[in-house]
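So the structure is just underneath, and the comments pick up after that.
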Amino acid sequence: MFLEVNIIFKEYGKLSTILYEHTKPIGRSVDGDIEYYSEMLKSISGSVLEAGVGTGRMLIPLIKRGLKVDGVDLSAEMLSQCKVNLEKHECKAKLYQQDLTKMSLPTKYDAIIMPTGSFCLLPKSIIGDVLASFYNYLEVGGKAIIDLQLPTDFKKGEVESYSCSLDDDGVGILFTSISQDIDWIKQKVSYIHRYELLKNGDVQQKEISNFVLYWYGITEFEMLLKSAGFKDVSHVVGYGNENLPYLVTFTAIKK
């Protein structure tokens, strides 16, 4: 007898959202990102927008620190979990399910942030539109803070796999990542990500995504920000930690 398995081809769908929620829960700092952004935003008296807000891992800690933060994301599954987390932590925020190139928001912000490499998920063909959208929704004097990551540890053909137990009844998720290719001309790396929902060892559902990350040179990204109209562009490597050379954070001001 063969078990019929439902296979979904999607990025940031149901299973990836569940796994993210368990491996990167609310308040879990990644390489010190929550502490860094808390420090960078502490002088902001107006509102902040987190682009690629996901499940609220960073959004909620920032709100608890007294900041007014809204979130925008394209994934309905991620935003649904974010709403659950906001209620659980007794926090309030406006959430928008929108394409970053076509944002339609009711207000402008004193800061727009996109932490922890989420920007690298965006195809290079739309980056100009995304940065223009960020610029449009910033107040004069507002700042965009964006993390970028470099593929310093990419190894073609490398396979990473781990499992995550969801309850005591034998339900869990098996995650497998295969490093597929690196394209030096187009500046991108690609992976195959597979999520398998298991119950007592049997696969109940699969979710597969072609996961692509793009990278930028420092001068290249400075030029892109300036082309979008930003001024006073600066960057810091590894949140100031020399042990994180693959992470570059840009800050740009709208004047």
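The values are calculated or read from the model by the stated rules, or taken from the named source; none is laboratory data. Quantities reported herein were computed from a predicted structural model and do not represent experimental measurements. Every residue, glycine as well, gets a Cβ built from its backbone with ideal geometry; the counts of neighbours run over all protein chains shown. Please note that ligands, DNA and RNA were not included when accessible areas were found on the heavy atoms of the full protein model with its side chains. Shrake-Rupley method; radii C 1.70, N 1.55, O 1.52, S 1.80 Å.
Table for the structure above
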read-out: Within straight-line cross-link reach of residue 102, aspartates and glutamates at Cα separation under 15 Å, skipping those fewer than 8 residues along the same chain; value: 73, 129
read-out: Contact order relative to length of the stretch 17-100, as percent, for alpha carbon pairs under 8 angstrom and 6 or more apart; value: 29
read-out: Neighbourhood charge, 12 Å Cβ-Cβ cut-off, centred on residue 33 and excluding it, Lys, Arg +1 and Asp, Glu -1; value: -2
read-out: Summed residue charge, Cβ within 9 Å of residue 197's Cβ, Lys/Arg positive, Asp/Glu negative; value: +1
read-out: Estimated vicinal HN-Hα couplings, Hz - the stretch 82-87 in sequence order (Karplus 6.51, -1.76, 1.60; Gly, Pro = x); value: 4, 4, 4, 5, 4, 5
read-out: Local net charge near residue 43, Cβ-Cβ under 15 Å (Lys/Arg +1, Asp/Glu -1); value: +1
read-out: Linear extension gain, residue 24 paired with residue 165, 0.36 nm per residue minus alpha-carbon span; value: 49.4 nm
read-out: Sites matching trypsin sites (Lys or Arg not before Pro) across the stretch 139-180 that sit in DSSP coil, with at most 13 neighbouring C-beta atoms within 10 Å; value: 155, 156
read-out: Electrostatic dipole magnitude of the stretch 62-108 [Cβ: Lys, Arg +1; Asp, Glu -1; Cα centre; debye, to 20]; value: 280
read-out: Shape of the stretch 52-155, Cα gyration tensor, a/c cut at 1.5; value: oblate
read-out: Under 13 Å from residue 156, Cα to Cα: aspartates and glutamates that are on another chain or at least 8 residues apart; value: 181, 183
read-out: Over the chain, relative contact order from alpha-carbon pairs under 8 Å, at least 6 apart, %; value: 19
read-out: Span from the the stretch 74-89 Cα centroid across to the the stretch 6-69 one, whole angstrom; value: 10
read-out: Accessible area in square angstrom per residue, the chain, 1.4 angstrom probe; value: 51
read-out: Efficiency of FRET from Cβ geometry, residue 255 and residue 102, R₀ 22 Å, rounded to 0.05; value: 0.35
read-out: Proximal lysines to residue 24, defined as alpha-carbon separation beneath 19 angstrom and excluding residues fewer than eight positions away on the same chain; value: 14, 64, 83, 88
read-out: Where only alpha carbons of the stretch 99-233 are counted, the Rg and the Dmax (Å); value: 19.0, 56
read-out: Entries of 186/206; 226/255; 124/254; 94/206 with Cα pairs more than 20 Å apart; value: 186/206; 124/254; 94/206
read-out: Theoretical gain in end-to-end length, residue 234 to residue 42 [0.36 nm per residue, Cα-Cα removed]; value: 67.3 nm
read-out: Identified option (computed Cα extents along the principal axes in Å; candidates (i) 60, 43, 33; (ii) 66, 46, 35; (iii) 57, 48, 33); value: (ii)
read-out: Residues listed by number, the stretch 195-222, amide nitrogen under 20 Å from residue 185 label point at 7 Å toward C-beta; value: 212-217
